[in-house]
Amino acid sequence: MMKTVVKNTIAGLQLYKAARLINRRKTLIVMYHGLTGDNRLRDWTQVHIDDFERQMDYLARKYNPYALSDLAAGLNSNPEWIYPVAVTFDDGYRSNLTLALPILKKYNIPATVFVASGFIRGFDKRMGLLWPDFITAMLRSINDDQIDLADIGLKRFDLTNDNGFDRTRKAITEHLKSSPAAEKEKFLTWLENRFGSKIVFENFPEYHPLSLTEFKKLASDPLISIGGHSINHPILSRLKTDDISHEIAGCRKELEEMTATKVTAFAYPNGRIEDIGVETLAITSRHYECAVTTESGLNQRGQNKFLLRRYGIGRHFNFEQYKILISGVYHMTQKPIQDL
């Protein structure tokens, strides 16, 4: 309640306008995942297309959009830039091509699409879905009022309403994010064996990846740059060194082979500082020219270009909240991330 009051106060006093002016020489990077035209969908990662267009119109009028690679390269050498912004997408959803690209072209906004190469290939498990989307599709496909996960260390969850659904999805995903890789895979395999047959893939178009043909088409557009996002979308800090290297370097190799374009930027899966680790940072810096996290905030002089901050934009933001967030008003005294 207090957080809502504070946000509403900021909006009412329009302090974000002052913050935006003060932060005009800092670099803004916004992060999206997929888009949808479905008004009923509640998934945070799937922003409604109408909201996305309004946000891109705002960026085109109030900011100066650049390609991420240009901003990263000039972060410490172009103090004359004002209101610089880069747009990014994570994972490689089909809607990046079908819904996002036409709007980006309308407003002439470049974007970097960070792709998990295994997602484009269809993975080999869980119907080719990213595991968080598999969890969502599974829960939406269960007709029972409850789901009992006691056999895998959780509890019985209520699914009779939206709040129960949200609590259940959050509990499962947070548990898996904190689990070692082997335990996470065991958990997901159990869920797939128990509930996978209930999922009808065609019922979840929002979670469909780009096909290889679609991916090549997206990558060929002059406004689009392709970035790496690992092969299998694991939390890299939980892997052994050889596996980290395989996920990072192997992703770049696969994406470049798919598109015949150079891949120079990387997005860490999940992207929090604790999800990265010293080894991941070192390996990434050997294979890419810059990398982005999911740590919120703006970027300024002194920022490590392999630990760039982004503002994650989700389904539940209204337009005022969007403007307030990207102004940097919540992070006015934030220091650059210089190292881990």
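The values are calculated or read from the model by the stated rules, or taken from the named source; none is laboratory data. In this text, all values refer to a predicted model and were calculated from it rather than measured experimentally. Cβ sites come from the backbone with ideal geometry, for glycine too, and all protein chains shown count toward neighbours.
A few remarks follow.
- Residue that is hydrophobic (A, V, I, L, M, F, W, C), touching a Phe, Trp or Tyr at 6+ places or on another chain (Cβ under 8 Å) and modelled with pLDDT of 90 or more, where the choices are L149, L159, L188, L212: L188
- Residue match in segment 162-178 (condition: modelled with pLDDT under 90, polar (S, T, N, Q), farther than 27 Å from A265 by Cα and part of a loop (DSSP other than H, G, I, E, B)): no
- Residue list for segment 297-319, restricted to those being in a helix (DSSP H, G or I) and modelled with pLDDT under 90: none
- Unique match (being over 21 Å from P65 (Cα atoms) and surrounded by 18 or more Cβ atoms within 10 Å (Cβ to Cβ)) among I273, I313, I324, I283: I283
- The condition of being out of contact with any Asp or Glu (no Cβ under 6 Å at 6 or more places or on another chain) and surrounded by fewer than 20 Cβ atoms within 10 Å (Cβ to Cβ) holds for only one of G227, G196, that being G196.
- All told, S117 meets the bar of being in contact (Cβ under 8 Å) with a residue 40 or more places away in the chain, small (G, A, S) and more than 20 Å from G314 (Cβ to Cβ).
- Only one of S179, S225, S230, S211 that is at positive phi and within 21 Å of the chain's Cα centre (by Cα): S230
- Top-ranked residue in segment 138-176 [being farther than 15 Å from W44 by Cβ and touching a residue at least 60 places away in the same chain (Cβ under 8 Å); ranked as farthest from the chain's Cα centre (by Cα)]: S141
- In segment 96-110, the qualifying residues are those that are among the β-branched types (V, I, T) and either in a helix (DSSP H, G or I) or outside the structural domain of D38 (by TED's automatic domain parsing) (or both), and the one that is nearest to E206 (Cα to Cα) is T98.
- Qualifying residue in segment 41-50 (condition: touching a residue at least 24 places away in the same chain (Cβ under 8 Å), of a type outside the set (D, E) and under 17 Å from L223 (Cα atoms)): no
- Residues in segment 41-68 that are of a type in the set (F, W, Y) and more than 15 Å from the chain's Cα centre (by Cα): 3 in all.
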